[in-house]
Amino acid sequence: MTALLLVDIGNTRIKSAWCVDGCLSGWPSLPTRGDAVFAGWPTAHLDAGPQRVLVSNVAGPAIAGQLAEFVHARWNIEAEFVRPVRERCGLRTRYREPARLGVDRWLAALAAWQERDGAVCVIDIGTALTADIVTADGEHLGGLIAPGPELMRTSLTQGTADLECEAITAVPGFADNTTDAISLGCTLAVAGLLRQVRERLATQDGCADAAWYLTGGGAAPLLPLIDWPYAQVPDLVLRGLAVLAGDDA
């Protein structure tokens, strides 16, 4: 039996999963910021530690250092921080500098493509919104990066006087108050972006029938505005880490 700890460190939240022989058991998410972040992990019940700890980190070196110290102190092993490469597990990227491709984007694209076994469009909606396109034969064409709806909201409320909105929510019709007006503006901006992605896919060789995968914590308010088929997979980055681990076996 092979036991792995998979960790997805995002800008806002940390997702993790215990992976035994390819089966993932998700743990509660943690906030990325703060002291002793990883003390909140439910590790006390484990009879033995993981053989490996694989990590996707986009939140910088400070939190990476916290994790590395925790893993070494708790299990006396080294955390393995994954980096994108030109080709792995059949996926090839066109990115000019693969090392500058976000590791979360790379892993999510890998997981979706392996699961679909066909062309995919992966949309990750978090602090940033990213889109990544992979052809049926495993060529990652690239994608886009834009502000996520929450980042749009905070830029408005923090950068403009007298505008208040605590969270993005779904709004039917038009807004009759400032809070809903901000929510509606942010969600429609993202919905318009997604429609532009869909139009471009229709003209891209081999991608017209790409399957859509949505992931990330900011997706929920947008779902009513997406009127084409998609799969919502919250743990796509963790699944990508599991794919890499399986390739190493």
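Points to keep in mind about this one:
- Within segment 1-102, strands (runs of 3 or more DSSP E) holding 2 or more residues that are without any contact (Cβ under 8 Å) to a residue 12 or more places away in the chain: 23-26
- Pairs with Cβ under 9 Å, 6+ apart, first in segment 145-167 and over 26 Å from residue 132 (Cα atoms), second of a type in the set (Asp, Glu) and at pLDDT below 85: 157/164; 157/166
- Residue check, residue 240 in contact with a strand residue (DSSP E or B) (Cβ under 6 Å, 6 or more places away or on another chain), small (Gly, Ala, Ser) and surrounded by 18 or more Cβ atoms within 10 Å (Cβ to Cβ): no
- In summary, residue 247 fulfils each of the numbered conditions (1) crowded, with 18+ Cβ neighbours inside 10 Å; (2) out of contact with any Phe, Trp or Tyr (no Cβ under 9 Å at 6 or more places or on another chain); (3) of a type outside the set (Phe, Trp, Tyr) with the single exception of condition (1).
- Test: residue in segment 124-141 that is within 15 Å of residue 215 (Cα to Cα), charged (D, E, K, R) and under 17 Å from the mean Cα position of the chain (by Cα): yes
- Candidates in segment 27-62 are the residues that are among the charged types (D, E, K, R) and over 19 Å from residue 77 (Cα atoms); of these, the one that is farthest from the chain's Cα centre (by Cα) is 35.
- Filtered residues of segment 70-87 (kept if surrounded by 14 or more Cβ atoms within 10 Å (Cβ to Cβ) and of a type outside the set (A, V, I, L, M, F, W, C)): 74, 80, 84, 86
- Looking across segment 182-219, the residues that are assigned to a helix (DSSP H, G or I), out of contact with any helix residue (DSSP H, G or I) (no Cβ under 9 Å at 6 or more places or on another chain) and touching a residue at least 12 places away in the same chain (Cβ under 8 Å) come down to 184, 193, 197, 198, 201.
- Restricted to segment 121-146, and to residues there that are in a strand (DSSP E or B) and small (Gly, Ala, Ser), the residue that is surrounded by the most Cβ atoms within 10 Å (Cβ to Cβ) is 131.
- Taking the listed residues 107, 91, the one that is under 18 Å from residue 237 (Cβ atoms), buried (at least 17 other Cβ atoms within 10 Å of the Cβ) and under 14 Å from the mean Cα position of the chain (by Cα) is 107, with no other qualifying.
- Meets criteria (more than 21 Å from residue 124 (Cβ to Cβ), at pLDDT below 90 and out of contact with any helix residue (DSSP H, G or I) (no Cβ under 7 Å at 6 or more places or on another chain)) for residue 71: no
The values are calculated or read from the model by the stated rules, or taken from the named source; none is laboratory data. In this text the structure is predicted, and so the values were computed from the model without any measurement. Note that we place each Cβ from the backbone using ideal geometry, even for glycine, and neighbour counts take in every protein chain shown.
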